[in-house]
Number of protein chains: 2
Amino acid sequence: MQPEHFSAVPLDKSYRLLNHGPTVLVSANHGGISNVMAAAWACVLDFGQSPKVTVVLDKATYTRELLMASGEFALQLPIKAMVSLTVGVGSDSAKEVPDKLTKHGVQLFTAPGSSVPLVAGCVGWLICKWIPEPHNEQTYDLFIGEVVAAWADERVFREGRWYFESAPDELRTIHHVAGGKFYATGEPIQG
Amino acid sequence: MQPEHFSAVPLDKSYRLLNHGPTVLVSANHGGISNVMAAAWACVLDFGQSPKVTVVLDKATYTRELLMASGEFALQLPIKAMVSLTVGVGSDSAKEVPDKLTKHGVQLFTAPGSSVPLVAGCVGWLICKWIPEPHNEQTYDLFIGEVVAAWADERVFREGRWYFESAPDELRTIHHVAGGKFYATGEPIQG
């Protein structure tokens with residue numbers, strides 16, 4: 001079941017979900033098995049009508065295997081209230097902790113027209129089709145995806161804009177530094 | 001002349017300057033000509049003793065030409081007080097506005113042992129050696145660099161950690177969304 005406030009984002013505005021550099025959760029499913037990991041190294045690669053993203057996925061991760069087997073994945077933006085979940089799914093590997101999603105309270109759902117697992121409680125979701133680039137993947141663990149659908153929590157992102165300053169404080173996105181220390185997205189500044 | 005508080009960052013901690021996803025200024029010099037542009041699409045690619053970064057540089061930018069001619073560049077982190085400068089150097093091209101650095105009040109300096117131009121007033125600097133990847137550059141405008149030296153303003157980053165919460169507020173880094181709207185780096189959260 002989709003969360004409340006789950007609202008479609010036009011493709012040409014989807015880069016704005018990621019442009020401010022938040023830490024993301026990466027999810028994928030293959031053969032009925034879903035996994036979720038955390039990644040601070042995700043970035044916009046292109047905008048417009050064929051938006052693209054990059055994300056670095058270590059060879060040891062199970063999510064990378066599911067992504068490569070299924071050809072699709074999602075990046076999504078956890079919020080302040082999900083810091084423990086984010087650290088948990090970023091620390092435990094499903095290879096050693098098979099019930100890691102349950103252990104860390106991850107609830108999954110799917111968007112209309114897609115079977116990619118999405119994490120409930122996030123405020124932005126980018127559903128991506130993998131663009132295979134074997135050299136990047138082998139040499140740098142660098143993956144490229146084309147965004148094929150995007151969604152946001154309309155309380156905090158609507159009409160192509162973030163509204164952190166007027167939304168509930170716990171909906172702010174988070175930016176990992178190291179060792180479980182994050183900074184929340186802060187005050188708006190108009191240049 | 002180097003700015004005050006300019007302090008070396010060990011290579012294995014340098015990724016922490018960029019890990020929280022701030023918008024950066026990209027600088028390069030060739031043949032005595034320096035340029036600076038803004039980029040929100042910069043990201044850590046690797047850490048450890050050979051840290052790497054990615055940055056997306058449009059084919060139309062002059063900084064890209066200087067980078068490719070010289071083989072080196074820098075990423076640096078502007079602060080709240082530099083929002084106008086950041087929007088300015090991100091909007092004007094040196095190809096049309098030859099005096100864009102002067103126009104936007106950019107002051108350059110160099111670090112010991114390097115000739116890469118660095119922007120004064122920033123709080124973190126990553127000096128990078130270009131790793132040529134022609135397919136990525138042509139297809140995606142995606143550049144990879146190896147960090148060969150890193151520096152920070154010790155008032156806000158020292159011993160491998162950010163101290164935004166105890167430093168002067170204007171030293172916070174900035175995260176661009178779109179159209180000159182930024183969010184400052186916000187409150188710390190320990191996961």
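We did not get these values from a lab; they are worked out from the coordinates using the rules stated. None of the values given here were measured: they were computed from a predicted structure. Positions of Cβ are backbone-derived with ideal geometry, glycine not excepted, and every protein chain shown enters the neighbour counts.
Annotations
- Around the amide H of A:Arg158, modelled in the peptide plane, lie the amide H atoms of A:Tyr163, all under 5 Å away and 5 or more residues distant in sequence or on another chain.
- Nm distances between copies for A:Pro188, ranked from closest, using label points 7 Å along Cα→Cβ: 2.8
- Spin-label pair A:Gln138-A:Ala69: with each label point 7 Å from Cα along the Cα-Cβ axis, the two points sit 2.2 nm from one another.
- Cα centre as origin, Lys/Arg/Asp/Glu Cβ charges: the protein assembly as shown dipole, Debye: 180
- Straight-distance candidates among the lysines for linking to B:Lys95, with alpha-carbon spacing under 20 Å and chain neighbours fewer than 8 residues away dropped: B:Lys59, B:Lys103.
- Restricting the calculation to Cα atoms, the protein assembly as shown yields a radius of gyration followed by a Dmax of 19.6, 60 Å.
- With label points set 7 Å from Cα along Cα→Cβ, the inter-copy distances at B:Pro134 are 1.9 nm, sorted shortest first.
- Sequence-distant residues sharing a close amide H with A:Gly124 (under 5 Å, placed H): A:Leu77, A:Asp153
- For the range B:81-95, Karplus couplings with θ = phi - 60° (6.51, -1.76, 1.60), whole Hz, Gly/Pro x: 5, 10, 4, 5, 4, 5, 5, x, 6, x, 9, 7, 9, 5, 6
- Dividing the Cα radius of gyration of the range A:5-108 by its Kirkwood radius returns 0.96 for Rg/Rh.
- Straightening the chain between A:Ile131 and A:Ser115 buys 4.0 nm, computed as 0.36 nm per residue apart minus the Cα-Cα spacing.
- J(HN,Hα) series, the range B:164-172, from Karplus relation 6.51 cos²θ - 1.76 cosθ + 1.60, nearest Hz, glycine and proline x: 4, 5, 10, 8, x, 4, 5, 8, 5
- A:Gln2 versus A:Ala81: modelled label distance in nm, points set 7 Å from Cα along the beta carbon direction: 1.9
- Amide H contacts under 5 Å for A:Glu187, placed H, 5+ residues apart: B:Ala184
- The eigenvalues of the Cα gyration tensor, multiplied by 5 and square-rooted, give chain B an equivalent ellipsoid with semi-axes of 23, 19, 17 Å from largest to smallest.
- Ranking B:Phe47, A:Asn29, A:Ser7 by how far each Cα lies toward the positive end of the dipole of the protein assembly as shown (charges on Cβ) leaves A:Ser7 at the top.
- A point 7 Å from Cα along Cα→Cβ stands in for A:Glu96, and the other copies hold the same point at 5.4 nm, listed in rising order.
- Beta carbon of chain B nearest to the axis of the rotation taking B to A, residue and angstrom distance: B:Gly21, 1
- Straightening the chain between B:Asp12 and B:Lys103 buys 29.1 nm, computed as 0.36 nm per residue apart minus the Cα-Cα spacing.
- Note that the range A:92-164, at 4 °C in a medium of 1.567 mPa s, gets a Stokes-Einstein diffusion coefficient of 87 µm²/s from its Kirkwood radius over C-alpha pairs.
- Local electrostatic count at A:Gly179 - Lys and Arg +1, Asp and Glu -1, tallied over other residues with Cβ under 12 Å: +4
- Each stretch of four or more DSSP H residues adds -39500 (n - 2.57); spread over every residue of chain A, this sum gives -4000 deg cm²/dmol at 222 nm.
- Pairwise FRET efficiency - B:Glu165 versus B:Asp58, Cβ, R0 = 56 Å, nearest 0.05: 0.95
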